[in-house]
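**Student:** Encoded as structure tokens, here's the structure I'll be asking about.
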Ligand code: XMP
């Protein structure tokens, strides 16, 4: 609509004013905020923007491919794809404590990103060097960090973010979504041509599958989990609820699969199997502070369970998590 077109035109003009002929780096995660920020800044300054996408090896199935197809392929943006999975998995070896895993993933993420940003700052063939760091900070983030002092002192889970990066890198900040609420960011994303499936995605934690594989993270587990989770998400998107006309993906706030590093006995044909177990988790919530487990239709659970067991060799049992928050948290770690 015209209101949104006006808003885009204004935002584009403001970015051009602020950036001038300088260059910008942006950390692209595949999440809603960084994606919309990237699309908007790219609309404003094209090749003066370089996106850095860090794959820590704990992303969902085909996430890297999807991000590259969208931003490098469709939008023709400059995107650097850093495959750092071996580095991350190496540092996570032998570590099973959830908070320690978060710290390691957060720290390595900053290391990898800083190294890429330093290269871009120095400038490369035809590019004179970046002076801005763009972030997809939205209005609720601004409020949250302003009010951080009043928040309760006990951290239940440390959420990693990249605070302090611009100072460390000696870059100026560009935050074109600072005044927008989440809904407005989504509308803007659609208006900029991002696919609705991307813009209306469930949130995905920074440490990714690192906190959805209980205990020690191994590549084998991550590979099994990615495939099982992709089946769950695909079926949630396929199943339409007759009374609302919405898919179960849209009827849930967050849904994912958790890998349990325990084996259970099963039968297949004439043989016995001894394979891993996964748990499906789906919740409905308005603020993620409290959440109800979602009453998914049995037909959906049945389909997902039989597909995972038949298609993902190595998993022979699927369970459904019927715990609400509190006292259970949404993630298992
Ligand atoms: P919990 O498990 O605490 O999760 O009920 C509440 C929301 O926060 C997300 N979450 C995280 N997000 N880094 C993130 O970026 C993290 O370490 C992290 N831990 C939990 C979780 O996915 C849910 O949306």
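**Student:** Express as a percent, rounded to the nearest 5, the fraction of DSSP beta bridges in the stretch 212-320 (both residues included) that run antiparallel.
**Tutor:** Counting only bridges with both partners in the stretch 212-320, antiparallel ones make up about 75 percent.
**Student:** Would you mind computing, in nm to one decimal, how far apart the modelled labels at residue 202 and residue 321 are, each placed 7 Å from Cα along Cα→Cβ?
**Tutor:** Label at residue 202, label at residue 321, 0.9 nm between them.
**Student:** In the chain, how does Rg compare with the Kirkwood Rh, expressed as the Rg/Rh ratio over alpha carbon atoms?
**Tutor:** Answer for the chain: 0.98.
**Student:** Treating the angle as unsigned and between 0 and 90°, give the value, to the nearest 10°, between the Cα long axis of helix 219-238 and the longest Cα principal axis of the chain.
**Tutor:** Helix 219-238 sits at roughly 90 degrees to that axis.
**Student:** Where does helix 298-311 land angle-wise versus the long Cα axis of the chain, in degrees 0 to 90, nearest 10?
**Tutor:** Taking Cα atoms only, the helix is inclined about 90 degrees.
**Student:** Restricting to DSSP H runs of at least four residues, report the calculated mean residue ellipticity at 222 nm for the chain, -39500 (n - 2.57) per run over all residues, nearest 500 deg cm²/dmol.
**Tutor:** Mean residue ellipticity, 222 nm, calculated: -12500 deg cm²/dmol.
**Student:** Between residue 93 and residue 241, what is the FRET efficiency for a Förster distance of 41 Å, r being their Cβ-Cβ separation, to the nearest 0.05?
**Tutor:** With R0 = 41 Å, the Cβ-Cβ based efficiency is 0.45.
**Student:** Next question. Write down the Kirkwood hydrodynamic radius of the stretch 285-326, to one decimal in angstroms, obtained as one divided by the mean of 1/r over all alpha carbon pairs.
**Tutor:** Here the Kirkwood hydrodynamic radius works out to 12.0 Å.
**Student:** Right, another one. Could you tell me the relative contact order of the chain? Use alpha-carbon pairs under 8 Å, at least six residues apart, and round to a whole percent.
**Tutor:** 16 percent
**Student:** Okay, moving on. Compare the peptides 187-198, 37-48, 115-126 by average per-residue count of other Cβ atoms within 10 angstrom and give them in order, highest first.
**Tutor:** 37-48, 187-198, 115-126
**Student:** Going by average Cβ density within 10 Å per residue, which order do the peptides 315-326, 56-67 take, highest to lowest?
**Tutor:** 56-67, 315-326
**Student:** Turning to a different aspect of this structure: Given a Förster radius of 41 Å and the C-beta distance between residue 302 and residue 168 as r, what FRET efficiency does 1/(1 + (r/R0)^6) yield to the nearest 0.05?
**Tutor:** For R0 = 41 Å, the calculated efficiency reads 0.20.
**Student:** While we're on this one: Order of 257, 290 from fewest to most other C-beta atoms within 10 Å?
**Tutor:** 290, 257
**Student:** Give the separation of the Cα centroids, the stretch 6-50 to the stretch 53-97, in Å.
**Tutor:** Rounded to whole Å, the Cα centres lie 21 Å apart.
**Student:** Which distance in nm do the two modelled labels at residue 69 and residue 178 give, with both placed 7 Å along the Cα-to-Cβ direction?
**Tutor:** The modelled label-to-label distance comes out at 3.6 nm.
**Student:** What percentages, rounded to whole numbers, describe P(r) for the stretch 180-333 computed over all alpha carbon pairs with 10 Å bin width beginning at zero?
**Tutor:** So the P(r) values, bin by bin, are 10, 36, 35, 15, 3, 1.
**Student:** Quote the relative contact order of the stretch 212-320 in percent (integer), defining contacts as alpha-carbon pairs under 8 Å separated by 6+ residues.
**Tutor:** Relative contact order of the stretch 212-320: 27 percent.
**Student:** Remind me, relative contact order of the stretch 1-73 in percent, using alpha carbon pairs under 8 angstrom and six or more residues apart?
**Tutor:** Once divided by the residue count of the stretch 1-73, the mean separation gives 31 percent.
**Student:** Simple spin-label model, 7 Å along Cα-to-Cβ: residue 114 to residue 310 in nm?
**Tutor:** 5.0 nm
**Student:** Another question about this same structure. Given N residues in the stretch 2-199, what is its alpha carbon radius of gyration divided by 2.2 N^0.38 Å?
**Tutor:** Ratio of Cα Rg to 2.2 N^0.38 Å: 1.04.
**Student:** Which FRET efficiency value, to the nearest 0.05, do you get for residue 223 and residue 2 by plugging their Cβ-Cβ distance into 1/(1 + (r/R0)^6) with R0 = 41 Å?
**Tutor:** 0.30
None of the figures in this text is laboratory data; all of them are computed from the coordinates on show. All figures in this text were calculated on a predicted structure; none of them were measured in a lab. Every residue, glycine as well, gets a Cβ built from its backbone with ideal geometry; the counts of neighbours run over all protein chains shown.
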